[in-house]
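Inspection log for the structure reproduced underneath, given as structure tokens.
The values are calculated or read from the model by the stated rules, or taken from the named source; none is laboratory data. Predicted, not measured: the structure shown is a model, and the values here were computed from it. Neighbour counts are summed over all protein chains in view; Cβ atoms, including those assigned to glycine, are modelled from backbone coordinates with ideal geometry. Accessible surface areas use protein heavy atoms only, side chains included; no ligands, DNA or RNA. Shrake-Rupley method; radii C 1.70, N 1.55, O 1.52, S 1.80 Å.
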Amino acid sequence: MRGNVILGILTAIIGLLVAVNPEASLEVIVVLLGVSAIVNSFYSLKSVRILSDDSAFRKTVIVRSLVGLIAGLVAVIFPFAMADIIQRVVKLLLVVLGCYLVVSAILGFVMLSRLSGAPESKKNLLVEIMCSILIAVFLFILPADFGVRIIRILGIVLAVFGALYTLYAFRKKKVVKLNTDDVTVNDAE
């Protein structure tokens with residue numbers, strides 16, 4: 001029980017740290033993911049590779065492990081660059097998604113003009129087109145530091161979760177203690 005209270009407190013503290021300083025937290029997350037990739041690569045080479053005698057399986061495990069090892073080392077050695085690259089790639093993907101939604105909306109208007117009858121279907125298609133346009137506009141106007149904002153929000157969520165978990169674990173500990181205090185021992189005659 002005490003371990004759960006400590007876990008909750010640590011979770012809340014980590015959440016607060018992430019919320020207060022998301023830039024540094026992103027770099028720490030990249031380093032932790034890099035270390036995880038390195039450990040997973042060595043584990044795969046040592047334990048997973050021997051699960052099958054199939055040469056294709058073993059070669060796949062080796063290639064996967066080497067890719068994980070290289071990615072992990074890059075993440076550990078260059079965390080600032082990796083964090084920046086991740087944010088740029090995500091921003092690029094959001095722009096690509098925004099472009100897709102615009103094209104989808106344009107093609108939706110073409111489909112709408114060709115759709116005869118079925119007023120309910122026309123209405124649903126028009127709603128889909130409008131949602132596509134709104135989401136695309138949102139994706140295009142996201143600020144450059146959107147990743148930092150998302151991490152800050154996740155930090156706040158983590159801090160609240162940690163605090164609630166601490167309260168839950170503390171109250172559960174109290175209930176267990178009360179139950180053990182209420183037990184009376186009757187002497188057998």
Exercise for the section: Would you check if A75 is touching a residue at least 12 places away in the same chain (Cβ under 8 Å) and under 30 Å from L134 (Cβ atoms)? Expected result: no
Fill in the blank from the handout: When every residue in the stretch 129-146 that is open to solvent by 50 Å² or more (accessible area, probe 1.4 Å) and not in a helix (DSSP H, G or I) is compared, the one modelled with the lowest pLDDT is A144
Exercise for the section: Run A118 past the list (1) of a type outside the set (S, T, N, Q); (2) farther than 26 Å from V148 by Cα; (3) at pLDDT 85 or above and report the number of the one that doesn't hold. Expected result: (3)
Handout entry: Selected residue [open to solvent by less than 70 Å² (accessible area, probe 1.4 Å), closer than 19 Å to I141 by Cβ and part of a helix (DSSP H, G or I)] from L69, L94
Key = L94
Handout entry: Every residue from the stretch 104-126 that is open to solvent by 80 Å² or more (accessible area, probe 1.4 Å) and free of Cβ contacts under 8 Å to residues at least 12 places away in the same chain
Key = I106, L107, S113, R114, S116, P119, E120, K123, N124
Exercise for the section: Out of M82, M111, report the one residue that is part of a helix (DSSP H, G or I), more than 30 Å from K46 (Cβ to Cβ) and not β-branched (V, I, T). Expected result: M111
Exercise for the section: All but one of (1) within 30 Å of L134 (Cβ to Cβ); (2) out of contact with any Gly (no Cβ under 9 Å at 6 or more places or on another chain); (3) charged (D, E, K, R) hold for K91, so report the exception by its number. Expected result: (2)
